[in-house]
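Colleague: Starting off with a structure, shown below.
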Amino acid sequence: MDARLRVGDKAPDFKFETPWERGGGFYEAAGNKPAVLVFLRYLGCPICQIDMANLKGEIGLIEQKKAKLFVILQSSPEVVASATKKEDWPFTIICDLKGDLFQLYHVEPGGIIKYLHPAGLIAAIKATLQGYRHGKFEGHETQIPAVFIVAPDKVVKYAHYGRHISDVPSPSMLAANID
């Protein structure tokens with residue numbers, strides 16, 4: 001049975017920690033605004049670094065929709081805090097080293113076929129050519145990304161489970177699905 005979240009499902013609430021703060025709650029942090037949850041692998045992943053840079057560079061598209069953006073990584077708060085500062089990011093970075101939130105949202109690791117998908121390999125090469133370097137390995141190496149847009153009433157309005165490690169919708173696609 002497929003337990004994935006679907007459009008119309010209630011988005012699970014959860015407590016989280018960032019590299020700089022402890023004990024926040026998702027519903028509380030989202031407030032009465034739409035929320036975009038982007039589940040990536042970990043900070044040391046060059047593909048994830050590009051995804052985060054793209055989200056940062058085009059955050060205005062999401063902010064224009066009065067939405068809040070959360071990026072969930074299977075990284076420890078210590079690793080993220082040692083590599084970057086809170087002020088570097090116009091969105092909330094949630095650390096989920098054990099993968100509890102990934103399980104809560106049914107974002108599962110993929111097998112070797114999804115991990116070695118040609119699109120993922122091309123994305124890894126592009127990331128390397130753009131100067132992104134691999135950092136510490138954390139979480140599940142074969143983790144597949146997912147994205148959810150949650151309406152102010154905490155119902156899933158958009159759900160995308162990646163087909164491979166680089167299958168993350170563009171910020172413009174996310175913004176288009178917030179309305």
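Colleague: Using modelled amide H (1.01 Å from N, peptide plane; none on Pro or chain starts), what sits under 5 Å from the amide H of K68, excluding residues fewer than 5 places away?
Modeller: A35, V36
Colleague: Short version: ³J(HN,Hα) in whole Hz for each residue of the stretch 126-140, in order, from phi by Karplus 6.51 cos²θ - 1.76 cosθ + 1.60 (θ = phi - 60°), x for Gly and Pro, what are they?
Modeller: The phi angles translate into 4, 4, 5, 5, 8, x, 7, 10, 6, x, 4, 6, 9, x, 9 Hz.
Colleague: In addition: Mind putting a number on the dipole of the stretch 15-176 about its Cα centre? Charges go on the C-beta only, +1 for Lys and Arg and -1 for Asp and Glu, and I need it in Debye to the nearest 20. Mind showing how you got there, number by number?
Modeller: Numbers: 18 positive and 16 negative charges, 48 e Å.
That gives the stretch 15-176 a dipole magnitude of about 240 debye.
Colleague: Moving on to the next point. In percent, how large is the relative contact order of the chain, given Cα pairs closer than 8 Å and 6 or more residues apart?
Modeller: Numbers: 347 pairs, mean separation 59.7, N = 179.
Relative contact order of the chain: 33 percent.
Colleague: Report the full-extension gain for the segment K86 to E141: residue separation times 0.36 nm, less the Cα-Cα distance, to one decimal in nm.
Modeller: Numbers: separation 55, 0.36 × 55 = 19.80 nm, distance 2.51 nm.
Full-extension gain reported as 17.3 nm.
Colleague: Calculate the spin-label point distance for Y27 paired with K154, positioning each point 7 Å from the Cα along the beta-carbon direction, and give it in nanometres.
Modeller: Modelled inter-label distance: 0.2 nm.
Colleague: Could you give the length gained by full extension between R4 and S172, i.e. 0.36 nm per residue of separation minus their alpha carbon distance, to one decimal place?
Modeller: 58.1 nm
Colleague: Given the options F70, T84, N177, identify the residue whose Cα lies farthest towards the positive end of the charge dipole of the chain (+1 on Cβ of Lys, Arg; -1 on Cβ of Asp, Glu).
Modeller: Positive-end residue among those listed: N177.
Colleague: The stretch 130-179 to the stretch 60-121: how many Å between their Cα centroids?
Modeller: 7
Colleague: Which pairs, out of K68/K114; K66/K136; K15/K68; K10/K86, put more than 27 Å between their alpha-carbon atoms? Show your work: numbers first, answer last.
Modeller: On the way: K68/K114 29 Å; K66/K136 34 Å; K15/K68 16 Å; K10/K86 30 Å.
The answer is K68/K114; K66/K136; K10/K86.
Colleague: In whole Hz, what ³J(HN,Hα) sequence does the stretch 70-86 give by Karplus (6.51, -1.76, 1.60; θ = phi - 60°), x for Gly and Pro?
Modeller: 10, 10, 9, 10, 8, 10, 7, x, 5, 5, 5, 5, 6, 9, 7, 10, 4
Colleague: Moving on. Quick check on packing: order 143-155, 110-122, 89-101, 36-48 by the mean number of other C-beta atoms within 10 Å, highest mean leading. Numbers along the way, then the final one.
Modeller: Numbers: 143-155: 20.4, 110-122: 14.2, 89-101: 18.8, 36-48: 24.7.
The peptides rank, most packed first, as 36-48, 143-155, 89-101, 110-122.
Colleague: From the phi of every residue in the stretch 33-45, what ³J(HN,Hα) in whole Hz does the Karplus formula 6.51 cos²θ - 1.76 cosθ + 1.60 yield, where θ is phi - 60° and glycine or proline is x?
Modeller: 10, x, 10, 10, 10, 10, 8, 10, 7, 7, 4, x, 6
Colleague: Moving on to the next point. Restricting the count to DSSP beta bridges whose residues both fall in the chain, what percent are antiparallel, rounded to a multiple of 5? The partial results should precede the final answer.
Modeller: Numbers: 15 of 24 bridges.
Just about 60 percent of them are antiparallel.
Colleague: Under the rule of at least 5 residues apart or a separate chain, name every residue whose amide H is placed under 5 Å from the amide H of I94.
Modeller: Under 5 Å from the amide H of I94 lie the amide H atoms of V71, I72, L73, each far enough along the sequence or on another chain.
Colleague: May I pose another question? Find the cysteines in the chain that fail to meet the 4.7 Å Cβ criterion with every other cysteine, and list them.
Modeller: Taking the Cβ cut-off of 4.7 Å, the unpaired cysteines of the chain are C95.
Since every read-out is calculated from the coordinates, none of them should be taken as a lab result. These numbers come from a predicted model, not from an experiment. We place every Cβ from the backbone using ideal geometry, glycine too, and count neighbours over all the protein chains shown.
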